[in-house]
1. Restricting to strands (runs of 3 or more DSSP E) lying wholly in the range 98-188: which have 2 or more residues that are farther than 18 Å from Gly82 by Cβ?
2. Does any residue in the range 22-44 that is acidic (Asp, Glu) come within less than 8 Å, Cβ to Cβ, of a residue that is not in a strand (DSSP E or B) six or more places away or on a different chain, and which pairs are these?
3. What number of residues within the range 1-53 are loosely packed, with under 14 Cβ neighbours inside 10 Å and either of a type in the set (Val, Ile, Thr) or part of a strand (DSSP E or B) (or both)?
4. Just to be sure I understand the filter: pairs with C-beta atoms under 6 Å, separated by 6 or more residues or on different chains, first member in the range 46-69 and under 30 Å from Val35 (Cα atoms) and among the β-branched types (Val, Ile, Thr), second member modelled with pLDDT under 80 and surrounded by 12 or more Cβ atoms within 10 Å (Cβ to Cβ). Which pairs pass?
5. Taking the residues in the range 54-78 that are in contact with a strand residue (DSSP E or B) (Cβ under 8 Å, 6 or more places away or on another chain) and modelled with pLDDT of 80 or more as candidates, determine which candidate is surrounded by the most Cβ atoms within 10 Å (Cβ to Cβ).
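The values are calculated or read from the model by the stated rules, or taken from the named source; none is laboratory data. If you're wondering where the values come from, they're calculated on a predicted model, not measured in any experiment. Here the Cβ is made from the backbone with ideal geometry for all residues, glycine too, and neighbour counts use every protein chain on show.
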Amino acid sequence: MSLRNRRQTLFLGANTGPWEITRLEAVAGPSLEPVACLRIREGGELPPAGTTPWVLRGVASYDRYVTRSERTALEAVQPPLGRPEASRAALIPIAKSAAWWELSHDERRAIFETRSQHIATGLQYLPAIARRLYQSRDLGEPFDFLTWFEYAPTDASGFEELVKRLRGSEEWRFVEREVDIRLRRVAV
């Protein structure tokens, strides 16, 4: 089944919504238009043009670079999204360079995990930080991935450490656009 046939999730920049944006900044490349809130809609159609400043689309898909043993380890400690105590979140859309996509799958895997230890690093921060990856590249979106994280306020420093470690890895040398959006849940 192609990504186009799977249920998409929409992240809508808005003036009202359950997630208040506390920070929106470009890490690499252009930013997104500043907005006050974020709405998340699973499934459904895009809103009519001009009704929201921006919409990011993604599909929760299989983990492309994860081995069976890594998936088992992740599933054993990965908490669900929507935990009541996880009132902080981050949406980090990422686009990688053409050089990344010109590499073969095994070359990308070697950079992603063997050398950058993306999965091993992330495992160190579970179960405090819940995460979900949305694929966007195959949808023709401006970002390749939308990374969504949820955590309790007491785990905010751990999340900052995780992001710093990942951004310092070899894999991040291939990121040409990244926007860091931090959020606080204002409604459940």
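1. Working: elements: 130-135, 145-151, 175-185.
Result: 175-185.
2. From the range 22-44, the pairs are Glu25/Ser31; Glu33/Pro53; Glu42/Arg7.
3. 7
4. Cβ pairs passing all conditions: Val59/Leu3; Val59/Arg6.
5. Here the answer is Gly58.
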